[in-house]
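Reading through the structure tokens given below for one structure.
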Amino acid sequence: MIIIKSKREIDCLRRSNQIVATIFREIKKMVRPGITTRELDGEAERLIRMRGGTPAFKGYKPMGYRSEFPASMCISVNEEVVHGIPGPRKLKEGDIVSLDVGVLLDGYHGDAAITVPVGTVSEEAKRLIEVTERALYLGIEKAKVGNRLSDISHSIQAYAEGNGFSVVRDFVGHGIGKSLHENPQIPNFGPPHQGPRLRQGMIFALEPMVNAGAWQVTRLGDEWTVVTADGKLSAHFEHSIALTDGDPEILSME
Ligand code: MF3
Ligand code: CO
């Protein structure tokens, strides 16, 4: 079942997602060669709490996992796709780094992700970042009453693959609200015109993960860090959006 949110609930979701948006504005400025991923995470947590929120990922334990996620941000560098754990690793010139933030405020969740270059990066890395972000926006454009869920999925896949990249199959977008992950699951691939019809008041976190090489991924021994199987680069963008009677509202954008 897909939970439809009231106007009041959408106001709450907007507030939690606005915290996420401001975190990115601040953390982006700190991304430079030499900074550790742990420093970025610490600052994100401080900023979330300063605004009255709680880091939604910290302590999160999906079904079947033995460990809780230990940090406020997922930070995934280069071939890391998602769920990288912040630590002593120093970013270096030429890296690309994905930052994923979740915030809980007054019972409602915010969730978004960006991928940013560290200094000057390769042409391919730049193109991967651009294509992944554009794929997200094309998906958002399909999030309209009258369309069906997989219209979003299909448009993301068509654009990413049309640009010579591949989309990750093992992780998907999701509904979001009182829970970080609600129905429906929203794959970033698939045929168009399938699945539930879209309705006003649905809230989705759309999050394409796009690989420079093949779509296959594996998980590291820390149980969390997802990496590309072929070791090539991966990028990730995510927005939480509200479906309206017109264009979707991007809740996690300033
Ligand atoms: N944006 C990711 C997701 O929706 C982040 C979850 S990280 C976790 O799955 F630590 F909370 F698992
Ligand atoms: Co998400």
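The values are calculated or read from the model by the stated rules, or taken from the named source; none is laboratory data. Nothing here was measured: the structure is a model prediction, and the numbers come from that model. Heads up, the Cβs are rebuilt from the backbone with ideal geometry, glycines too, and the neighbour counts pull from every protein chain shown. The accessibility values were calculated without ligands, DNA or RNA, using every heavy atom of the protein model including side chains. Shrake-Rupley method; radii C 1.70, N 1.55, O 1.52, S 1.80 Å.
Some values worked out for this structure:
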{"read-out": "Scan of region 219-238 for residues that are part of a strand (DSSP E or B), open to solvent by 30 Å² or more (accessible area, probe 1.4 Å) and more than 22 Å from Gly59 (Cα to Cα), ordered by number", "value": "none"}
{"read-out": "Candidate set from region 158-184 (those that are of a type in the set (A, V, I, L, M, F, W, C) and within 14 Å of ligand 2 (Cβ to nearest atom)); member that is surrounded by the most Cβ atoms within 10 Å (Cβ to Cβ)", "value": "Ile176"}
{"read-out": "Output for region 245-254, where each listed residue is touching a helix residue (DSSP H, G or I) at 6+ places or on another chain (Cβ under 9 Å) and either in a strand (DSSP E or B) or surrounded by fewer than 20 Cβ atoms within 10 Å (Cβ to Cβ) (or both)", "value": "Asp247, Glu249, Ile250, Met253, Glu254"}
{"read-out": "Residue count, region 129-149 (criterion: in a helix (DSSP H, G or I), of a type outside the set (Val, Ile, Thr) and surrounded by 21 or more Cβ atoms within 10 Å (Cβ to Cβ))", "value": "4"}
{"read-out": "Residue in region 89-98 that is within 21 Å of Ala205 (Cβ to Cβ) and not in a strand (DSSP E or B) present", "value": "no"}
{"read-out": "Selected residue [under 16 Å from the mean Cα position of the chain (by Cα) and open to solvent by less than 10 Å² (accessible area, probe 1.4 Å)] from Val77, Val118", "value": "Val77"}
{"read-out": "Selected residue (only one of Arg127, Arg197 is within 15 Å of Ala212 (Cα to Cα), modelled with pLDDT of 95 or more and away from ligand 2 (no atom under 13 Å from the Cβ))", "value": "Arg127"}
{"read-out": "Residue identified as at pLDDT 95 or above and in contact with a helix residue (DSSP H, G or I) (Cβ under 8 Å, 6 or more places away or on another chain) among Pro86, Pro62", "value": "Pro86"}
{"read-out": "Failed item in (1) part of a helix (DSSP H, G or I); (2) touching a residue at least 24 places away in the same chain (Cβ under 8 Å); (3) over 19 Å from the mean Cα position of the chain (by Cα), with Asp11 passing the rest", "value": "(2)"}
{"read-out": "Residue within region 111-121 that is farther than 24 Å from Ile241 by Cβ, assigned to a loop (DSSP other than H, G, I, E, B), within 15 Å of ligand 1 (Cβ to nearest atom) and among the hydrophobic types (A, V, I, L, M, F, W, C) present", "value": "no"}
{"read-out": "Every pair of residues 6+ apart whose Cβ atoms lie under 8 Å, when the first sits in region 53-64 and is of a type in the set (A, V, I, L, M) while the second is modelled with pLDDT of 95 or more", "value": "Ala56/Gly102; Ala56/Val103; Ala56/Leu104; Ala56/His109; Ala56/Gly110; Ala56/Asp111; Ala56/Leu180"}
{"read-out": "Failed item, numbered, when Ile96 is tested on (1) within 21 Å of Leu220 (Cα to Cα); (2) within 16 Å of ligand 2 (Cβ to nearest atom); (3) out of contact with any His (no Cβ under 7 Å at 6 or more places or on another chain)", "value": "(2)"}
{"read-out": "For Ile48: the one exception among (1) within 20 Å of Ser234 (Cβ to Cβ); (2) among the β-branched types (Val, Ile, Thr); (3) open to solvent by less than 30 Å² (accessible area, probe 1.4 Å)", "value": "(1)"}
